[in-house]
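This report concerns only the one structure given below.
Readers should treat all values here as calculations from the given coordinates under stated rules, not as data from a laboratory. Computed from a predicted model, the values in this text were never measured in an experiment. Quick reminder, even Gly has a Cβ in these numbers, built from the backbone with ideal geometry, and neighbours come from all protein chains shown.
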Amino acid sequence: MKLKTLIIDDHPASIAILKNMLADVCECFVATRGQRGIELFEQSQSSGKPFEVILLDIIMPGLDGIETLKQIRKLERDSPTAQQTAPVRIIMQTSSEDPDDYNASHLEGKCSGFINKPYSRDAIMAIVLGKDDPQTAGPS
């Protein structure tokens, strides 16, 4: 059974690469803006078939990835089923080398992992499948 995965990224090429790399293990849904990603997250939660993984780009126009992350985590905390369900794995992705992005994602947003673009298929598969150490995946 494939992992229900949401890709939130404003670059069509990044989306196409991720969908191709993950085709064997993920059923991918796509949002090109943070607000739309939040809406899809809410819909999946209310349908009883929540996303298992979210790949979230940090740098996007409008609502950036860090703010999107914070809003998704707030929706999870405020959910009536918050105590019965595990938080979705949210993997932050970026081409930025700014350590502040990494710190904000982990400390403020409580992301599950962090990966820098460009990444290899092995690296993205490991982090999506939870076979990585999210504390070492960010910039040094």
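Run lengths n ≥ 4 of DSSP H only: what is the helix-derived mean residue ellipticity at 222 nm for the chain, with -39500 (n - 2.57) per run over all residues, to the nearest 500?
Numbers: 5 runs with 52 residues, N = 140.
It lands at -11000 deg cm²/dmol.
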For this session: State, to one decimal in nm², a quarter of the convex hull surface area for the C-alpha atoms of the chain, i.e. the direction-averaged projected area.
Result: 7.9 nm²
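For segment 3-131, what relative contact order do you get, as a whole percent, if you take Cα pairs closer than 8 Å and at least 6 residues apart?
23 percent
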Seminar exercise, completed: For LYS110, counting only lysines whose alpha-carbon sits under 21 Å away and dropping same-chain residues fewer than eight positions off, the answer is LYS4, LYS70, LYS74, LYS131
Problem set entry | For segment 8-69 and segment 100-126, distance of Cα centres in Å | 14 Å
For this session: Using the Karplus curve 6.51 cos²θ - 1.76 cosθ + 1.60 with θ = phi - 60°, work out ³J(HN,Hα) for each residue of segment 49-65 in order, rounded to whole Hz, and write x for Gly and Pro.
Result: 10, x, 5, 9, 9, 10, 9, 10, 6, 7, 9, 9, x, x, 6, 6, x
For this session: Please list, in chain and number order, the residues 5+ apart from CYS111 or on another chain whose amide H is under 5 Å from its amide H, with Hs placed from the backbone.
Result: HIS106
Exercise. Hey, if you put +1 on the Cβ of every Lys and Arg and -1 on every Asp and Glu Cβ in segment 3-131, which of LEU129, ILE54, ILE15 ends up farthest toward the positive end of that dipole?
Worked result: LEU129
Seminar exercise, completed: Sorted on mean Cβ neighbours within 10 Å (highest first), peptides 39-45, 5-11, 28-34, 115-121 come out as 5-11, 28-34, 39-45, 115-121
Exercise. Can you put MET125, MET92, MET1, MET60 in order, fewest other beta carbons within 10 Å first?
Worked result: MET1, MET125, MET60, MET92
